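A quick write-up on the structure given underneath.
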Amino acid sequence: MDTSPAEDFRAVAGHFGDLVAATPAERWNDPSPVADWTARDVVGHLVEWLPPLLKQGAGIELGPFPPVERDPLATWQAFTEQVQDLLDDPATASKVLSDPHLGQVPVPQAVARFFTNDVFQHTWDLARATGQEHGMDPQRCLQLVAGMEPIEDLLRSSGQYGPRRPVADDADPASRLAAFTGRDPQWRPHR
């Protein structure tokens, strides 16, 4: 990506936020392509895992946020505003995240590499769960798959990804990314 971590997050989280905003209230409890998750759980997952990582690894506290159970849009907006403020703050550039699994990584790069890419990947899940077009950048999809392929065994052993799914030779880039992460590219909500 040729953008700063702050610019990249603004674009990716903003697009995800557009999908959150466009989700009808009656669709939040619909299933998602992630087993045992609803559309609301996709938002909840993203809001829940970054704050503990930043607190434990860099002493940065985020929150509180409105409960995702009550209002996923308000939750996402409050959360992304705090993450964006963190990335926009010049002082953040000198902060380092220390994690036994990730090593020592400057906070902006850690957010970009691990979180912004996770938001991007879960865009497909939310779009599918709520019957929307994902609108994901095809080039970024292909770059993520290419970047993950060399560490595929590590990713699968983490439990974060299911088995890679087969895709047709002419599958679009978002379907290739979904299949790599263990999703069925043909998945549709059962309504």
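Some points to look at:
- For the range 83-122, the set of residues classified as assigned to a helix (DSSP H, G or I), surrounded by 18 or more Cβ atoms within 10 Å (Cβ to Cβ) and more than 16 Å from the chain's Cα centre (by Cα) consists of Leu86, Leu87, Thr92, Val107, listed by residue number.
- Scanning the range 138-179 for residues that are free of Cβ contacts under 8 Å to residues at least 40 places away in the same chain, of a type outside the set (S, T, N, Q), closer than 30 Å to Glu26 by Cα and part of a helix (DSSP H, G or I) yields Pro138, Cys141, Pro173, Arg176, Ala179.
- In the range 33-68, residue farthest from the chain's Cα centre (by Cα) [restricted to those that are under 22 Å from Trp187 (Cβ atoms) and of a type in the set (D, E, K, R)]: Asp36
- Residue within the range 1-10 that is free of Cβ contacts under 8 Å to residues at least 60 places away in the same chain, in a helix (DSSP H, G or I), out of contact with any helix residue (DSSP H, G or I) (no Cβ under 6 Å at 6 or more places or on another chain) and farther than 13 Å from Thr123 by Cα present: yes
- Residue, farthest from Leu19 (Cα to Cα), within the range 109-167, restricted to residues that are aromatic (Phe, Trp, Tyr) and at pLDDT 90 or above: Phe114
- Within the range 143-170, being surrounded by 15 or more Cβ atoms within 10 Å (Cβ to Cβ) and among the aliphatic types (A, V, I, L, M) holds for Leu144, Val145, Met148, Leu155, Val167.
- Filtered residues of the range 38-55 (kept if closer than 17 Å to Leu19 by Cα and not basic (Lys, Arg)): Thr38, Ala39, Asp41, Val42, Val43, Gly44, His45, Leu46, Val47
- Of all residues making up the range 123-137, the number that are part of a helix (DSSP H, G or I) and either surrounded by fewer than 22 Cβ atoms within 10 Å (Cβ to Cβ) or in contact with a strand residue (DSSP E or B) (Cβ under 9 Å, 6 or more places away or on another chain) (or both): 2
- Where a residue in the range 47-65 is over 18 Å from Val119 (Cβ atoms) and its partner, wherever it lies, is among the basic types (Lys, Arg) and surrounded by 12 or more Cβ atoms within 10 Å (Cβ to Cβ), with Cβ under 6 Å and at least six apart: Ala58/Lys95; Glu61/Lys55
The values are calculated or read from the model by the stated rules, or taken from the named source; none is laboratory data. Values in this document were obtained by computation on a predicted structure and should not be read as measured data. In this analysis, Cβ positions are derived from the backbone assuming ideal geometry, glycine residues included, and neighbour counts consider all displayed protein chains.
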